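One structure is given below, encoded as structure tokens.
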Amino acid sequence: MNNLLRMVAVLLVLLMGVTASQAQSVRPPGNAVNLDDGIEPGPPNTLGDLSDSDFWRNYRGGDPNDPQQIIGPRPDGVVLTTTGQHWRALRENYIRKYAGWAPLIVIGILAVFYVLIGPMRIKSGRSGKTLSRFNLTQRVSHWFMAAVFILLGISGLIILLGRPLIAPFLGKEVNSIMTSAAMQGHNLFGPLFIVALVWMFIKFVRGNFFQWVDLKWIFKLGGFFGGHVSSHEFNFGEKSWFWMVTIVGTVISVTGVLLLFPWLVEDLRILQLSTILHGLGAVGLISVLFGHIYVGTIGMEGSLDSMLKGEVDEHWAKEHHDLWYEKVTGKSASETAKEEEPS
Amino acid sequence: MSFLEFVEGPLFLVASAIFLLGVVWRVGGIILIGRKKDISPPKGSAAMGFLKGNLRHFIPRGIFAKRTALHLIAGYGFHLALLVLVLFAAPHIAFIQDRLVNVNLPEMPRWGFILTAEISFAGLIMLWVRRISDPVMRLISDWDDHIGSWLTFLVMLTGCLALQESHGFLRAQHMLVVDVWLIYFPFSRLMHAFTFFLSRGNSGATYGRKGINL
Amino acid sequence: MTANSEIAVEKFLEHTDAEAASFFEACVHCGECAEACQFYLSTGDPKYTPTYKLRPMERAYKRDKAPFSGLKKALGLAPSPVTEEELREWEPLVYDSCNMCARCTLVCPMGIDIAGTIRKMREGYAAAGFVPEGLQRSAEFVKKTGSPMGVTAKALKAQIKHQEDAVGIKIEIDKKGADYMAIFSSMEIMGYPEVLGAYAKLFKRAGLTWTISSVAYEATNVGVQIGSAPMAKEILQRVVDAAEALEVKHVISPECGHAYGAIRWAGPNMMGRQFKFEVVHIIELLDQLRREGKIPVGKKDTRRMTLHDPCQIIRRGGLLKEPRSLLNDSCANFTEMKGAGITNFCCGGGGGVSANPRAEELKTAAFSRKVEQLNGVQDLEAVVVPCGNCRAVFEDGLDEYDLDLEIIGLSELVAETLAEEDETGA
Ligand code: HEM
Ligand code: SF4
Ligand code: SF4
């Protein structure tokens, strides 16, 4: 565990190195938040010959790029931890600045895909006969998760992006109110997300393990650009989404709990790391979610039935989950398709 | 008068009056429709049946409880937590004492308040998502069901958003939704909070006369 | 709105008393009731959700009778009027898919009595003439012959004669001043006449005087099934008149579910007065005689048996314990099926469903629940079915599902296991 943290830290520091060099060459845009706000200049030449920077460097005890100092055991004599600066820089300059784009880009791609290639229809039309796919508990756990996730997503984005997106347009007062509200909502719904995650995991994990046909799915790009892809109950796309929700969701949950109960850890740097991972994970999930919503609704005819009625059309099942169809009906997907054609 | 004062003062009074009168009118109206007196020789007491019917239906029957466990948990969780929330949360007690009656209600600790809120939210969300994701529920639900759920959800949500208690606006927003909820209540299916005792009681009485408690 | 639907709506409103109104008002659309209804359970079709079956009547009430309906109408918020098309669409739901078993009431958090309300709703349907053809025909038949199967007095007498010969006891017809007058369902008279012999044997032993009327022997009330109060009253009138003319103290309602409800609970209300006699159900009477030691048990039946609970006798009739105590006495090997008693499933053919040929398929589907229950009892040999109508449904159903079980009536079982005179030293 400690090693893992260390690795993440190294990654972070590398990132920060990049940050530092770029920060100098990039001029802040007009509405950017001034990072130097409120930071007092260091004391003047108090140590005679030493320059201010030398003074600070000593004061904080060594090389800022040494990962040991950021996350490892605190070297003796270090009075000041400066990781807060790096954390702040990362959050303000990167996450806050670019996070909003990720979902927008996904939406853009989906829109282009929809216009150019269009939704996947049930090729043989609806059969009118249905197979049950998800039971009521599965459906409720899914929508419970969806509801909680959306509430958290909206409130989280307000907290993260209120300063750059709300304050400049609606004013600081409005931003303050909205952030206060969002913060309370976010904190309240957070624990429900953990409940939803565990529940959903239990209800959906069966059928979501990797199977060899999934390789074909990957090679055929999921059939989104044409061609038939075989799959069991869940195809590789769905499985990826499931595991992404599970793993990233766990990260978000753990880091969220730490942020909600900061006294659980002693080292401030863990909390700093938590906000970063929490934000990145959430933005990642939110972005992919749009893809999921697309495929679940307008992107693929007949998909939503499984989550609204628990039943899917037999033709849908044959076309998208042929191996599952064969398993639950005991019929061959390709043969019955032929049989039915003349009629 | 500030917006907050308005929604907590006059509007709240008007809404409460509509609520009270509406409830009385509706319940009274149902009772006044009247019931023909049953003259078949009774085998049990209708009055006891009325009472027993009311109590019996609080407890799920074993054979059905398993099939409908999720619904029971969500339903009971939501309703009980909401009741506790309304009566024993510190800000509510303060409001009740301030505006309504000077009763001394025991105050929940903050963590208890938050926990009941979470249970209540979880229950309500489950109830509503169940409503939209099941063919039976989709068939029998109407606008009133959805409006009722959403209004109640908004009451709870705005309350939760105002938890920091540092912005009058958020508090006013909560109160506004509460007022709307109070006005909507007597005309809608939210009335089930009062009509349940009539329906349980009526069939309890009918069957009670026959010497059986359903 | 056509004339017919106007009549229906008018009747809907007339029959929406405070009880039905409280049901329409209280239903929270929670869908629990679907989980109890065997038509939904066996088809999975959401339209069989109990509360949904009441929709037109509920709409009529909410439009024209409910508190605030005037206000809502003025604001354009009231439901639209009930149309003939809608009524016709619902007709199969109202007649074919509700056996008035009241199982849904058990699970309903609001305790709503769908069965009783369907009964009231059928009043509107019957008055407007929206009735399934099969039921309509049998109603006309009853009007002519007094019996849905056309059992004539002559046929009855022939059956009585047979049974007298079989058990060697005389059965008195039209005996004035007898303590008890028995009525039967035509199903019993034609299909299971042994019950006549069983009565003779049991009552002789208990020392009761009893009789059968040659003008009013039919207990089945098709008026109740269709939901026509005037017709139900007419049918009932015959029995009441005959019983009061013979000056009997009691009328014995047969092993027939809805006949019991019709005469015992609905009867006085339909006639608008109390009867000069008391109505007892045969199971109630036998249980009482047994407790009084007048019909002691002899050799017990050792077959492995279970009991079907006819809804109108048990859940809606209130005779929950009586059949059980009789069975426990008479059988050595009685086992309850899963869900027995107050939560038991209907046979699937109650509430007029079995008298309605159009509902045949649905009835058979609904019986699958019963099959499940029966299959759940290991090494089952026989099932006691204390209702003539259920019995006929069982016969069809067991046949359909290829189940080899003996079906027995409760009175016959009690008669068969009656102690010999000398066994008790009498
Ligand atoms: C709000 C819009 C959403 C829509 C319209 C939607 C739609 C769907 C549909 C139709 C399916 C079933 C696909 C199939 O039949 O195989 C599904 C499955 C699933 N959804 Fe959603 N969903 C939404 C939100 C969410 C959210 C917010 C999450 C989690 C954060 C989520 C997680 C899942 C998971 C894990 C599955 C199971 C698929 C698998 O196990 O591979 N969904 N969704
Ligand atoms: S009374 Fe019985 S058959 Fe009728 S709706 Fe209720 S459960 Fe179904
Ligand atoms: S169970 Fe009762 S309250 Fe729920 S939908 Fe059915 S009738 Fe209405």
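The values are calculated or read from the model by the stated rules, or taken from the named source; none is laboratory data. Just so we're clear, the structure is a prediction, and the values are computed from it rather than from any experiment. Reconstructed Cβ throughout: ideal geometry from the backbone, glycine too, with neighbour counts over all protein chains shown. Side chains are part of the model used for accessible areas, which takes the heavy atoms of the whole protein and leaves out ligands, DNA and RNA. Shrake-Rupley method; radii C 1.70, N 1.55, O 1.52, S 1.80 Å.
Evaluated at q = 0.07, 0.10 Å⁻¹, a Debye calculation over the C-alpha positions of the protein assembly as shown (equal weights, vacuum) places log10 I(q)/I(0) at -0.76, -1.23.
Take the stretch C:44-152, drop everything but the C-alpha atoms, weight them equally and run the Debye formula without solvent; then report log10 I(q)/I(0) at 0.17 Å⁻¹ to two decimals. Debye curve over Cα of the stretch C:44-152, log10 I(q)/I(0) at q = 0.17 Å⁻¹: -0.92. Between C:Ile173 and A:Val198, the distance separating the two model label sites (each 7 Å from Cα on the Cα→Cβ line) works out to 7.6 nm. Sequence-ordered 3J(HN,Hα) estimates for the stretch B:15-26 from the Karplus curve with 6.51, -1.76 and 1.60 and θ = phi - 60° stand at 4, 5, 5, 4, 4, 5, 4, x, 5, 4, 4, 5 Hz, glycine and proline given as x.
Heavy atoms of the protein chains alone define the surface here; on that basis the stretch C:135-289 has 37 Å² accessible area per residue at 1.4 Å probe size. Each part gets one Cα centre, and for the stretch B:109-184 versus the stretch A:181-227 those centres are 27 Å apart.
Overall, the accessible surface of the stretch A:226-343 at a probe of 1.4 angstrom is composed of carbon and sulfur to the extent of 68 percent. What is the helix-to-structure angle for B:143-161, meaning the angle in degrees between its Cα long axis and the longest Cα principal axis of chain B, kept from 0 to 90 and rounded to the nearest 10? Tilt relative to chain B: about 40 degrees. In this structure, the amide hydrogen of C:Phe184, modeled 1.01 Å from its nitrogen in the peptide plane, lies closer than 5 angstrom to those of C:Glu218, C:Ala219, counting only residues at least 5 positions away or on a different chain.
On chain C, 49 percent of the accessible area sits on carbon and sulfur atoms, based on a 1.4 Å probe. Solvent-accessible surface of chain B, averaged per residue with a 1.4 angstrom probe and all protein chains in place: 49 square angstrom.
Phi-derived couplings, Karplus 6.51 cos²θ - 1.76 cosθ + 1.60 at θ = phi - 60°, listed residue by residue for the stretch B:123-136: x, 5, 4, 4, 4, 6, 5, 5, 4, 9, 10, 9, x, 4 Hz, with x used for Gly and Pro.
With a probe of 1.4 Å, find how much accessible area the stretch A:84-336 has per residue, and write the answer as a whole number in Å².
Values: 12360 Å² over 253 residues.
About 49 Å² of surface per residue is accessible.
Taking both sides together, the accessible area buried where A meets B is about 2200 Å² for a 1.4 Å probe. Interface of B with C. Using a 1.4 Å probe and counting protein heavy atoms only, the two chains hide about 4800 Å² of accessible surface, both sides summed. Bridges between two residues of chain C, per DSSP, are antiparallel at a rate of about 5%. Relative to the longest principal axis of the Cα atoms of chain C, the long axis of helix C:153-167 makes an angle of roughly 40 degrees. Of all DSSP-defined beta bridges confined to the protein assembly as shown, some 15% are antiparallel rather than parallel.
Past 30 Å, Cα to Cα, is the threshold; run C:Lys249/C:Lys321; B:Lys66/C:Lys300; B:Lys37/C:Lys11; C:Lys294/C:Lys363; B:Lys37/C:Lys249; C:Lys157/C:Lys276 against it and keep the listed order. Before the final figure, lay out each step's value.
Details: C:Lys249/C:Lys321 24 Å; B:Lys66/C:Lys300 37 Å; B:Lys37/C:Lys11 19 Å; C:Lys294/C:Lys363 40 Å; B:Lys37/C:Lys249 25 Å; C:Lys157/C:Lys276 27 Å.
The pairs that break the limit, which is 30 Å between Cα atoms, are B:Lys66/C:Lys300; C:Lys294/C:Lys363.
Under 5 Å between amide hydrogens, built in the peptide plane, is the criterion, and for A:Val229 it picks out nothing among residues at least 5 positions away or on other chains.
Too long at a 19 Å Cα-Cα cut-off: which of A:Lys327/C:Lys47; B:Lys43/C:Lys53; A:Lys129/A:Lys318? With Cα atoms farther than 19 Å apart: A:Lys327/C:Lys47; B:Lys43/C:Lys53.
Could you tell me the relative contact order of the stretch C:3-130? Use alpha-carbon pairs under 8 Å, at least six residues apart, and round to a whole percent. Result for the stretch C:3-130 is 39 percent.
Bridgeable lysines around C:Lys73 (alpha carbons under 17 Å apart, same-chain partners fewer than 8 residues away excluded): C:Lys62, C:Lys65.
Taking all protein chains as they are arranged and a probe of 1.4 Å, the heavy atoms of C:Asp174 leave approximately 60 Å² accessible to solvent.
What the pair-distance distribution of the stretch C:135-289 shows, using all Cα-Cα distances binned every 5 Å from zero, is 2, 10, 20, 24, 22, 14, 6, 2, 0 percent.
Axis angle, to the nearest 10 degrees, between helix C:229-245 and the longest C-alpha principal axis of chain C: 30 degrees. In chain C, the sites counted are GluC sites (Glu not before Pro) in DSSP loop states with at most 15 other Cβ atoms within 10 Å, and the longest stretch holding none of them, exclusive of the sites, is C:1-171. What is the log10 of I(q)/I(0) for chain C, computed with the Debye formula using one identical point scatterer on each Cα and no solvent, at q = 0.07, 0.09, 0.14 Å⁻¹? Normalising to I(0) and taking log10 leaves -0.34, -0.56, -1.28.
Cross-link partners of A:Lys97 among lysines, defined as those whose alpha carbon lies under 25 angstrom from its own and excluding same-chain residues fewer than eight positions apart: A:Lys172. What the Kirkwood sum gives for chain B is a hydrodynamic radius of 19.6 Å, with every pair of different alpha carbons counted. Amide H contacts under 5 Å for C:Val384: C:Thr306, C:Leu307, C:His308, C:Ile408, restricted to partners 5 or more places along the chain or on a different chain, H placed in the peptide plane at 1.01 Å from N. Isolated cysteines of the protein assembly as shown, defined as having no other cysteine beta carbon under 4.7 Å away, are B:Cys160, C:Cys27, C:Cys30, C:Cys37, C:Cys98, C:Cys108, C:Cys256, C:Cys331. Compactness of the stretch B:1-114, taken as the C-alpha radius of gyration over 2.2 N^0.38 Å, stands at 1.56. Sequentially through the stretch A:229-242, phi angles give Karplus couplings (6.51, -1.76, 1.60; θ = phi - 60°) of 10, 7, 6, 7, 3, 10, 8, 5, x, 5, 5, 4, 4, 4 Hz, Gly and Pro residues having no value and appearing as x. Measuring from centroid to centroid over Cα atoms, what is the spacing of the stretch B:1-70 and the stretch C:19-90 in Å? Result: 19 Å between the Cα centres.
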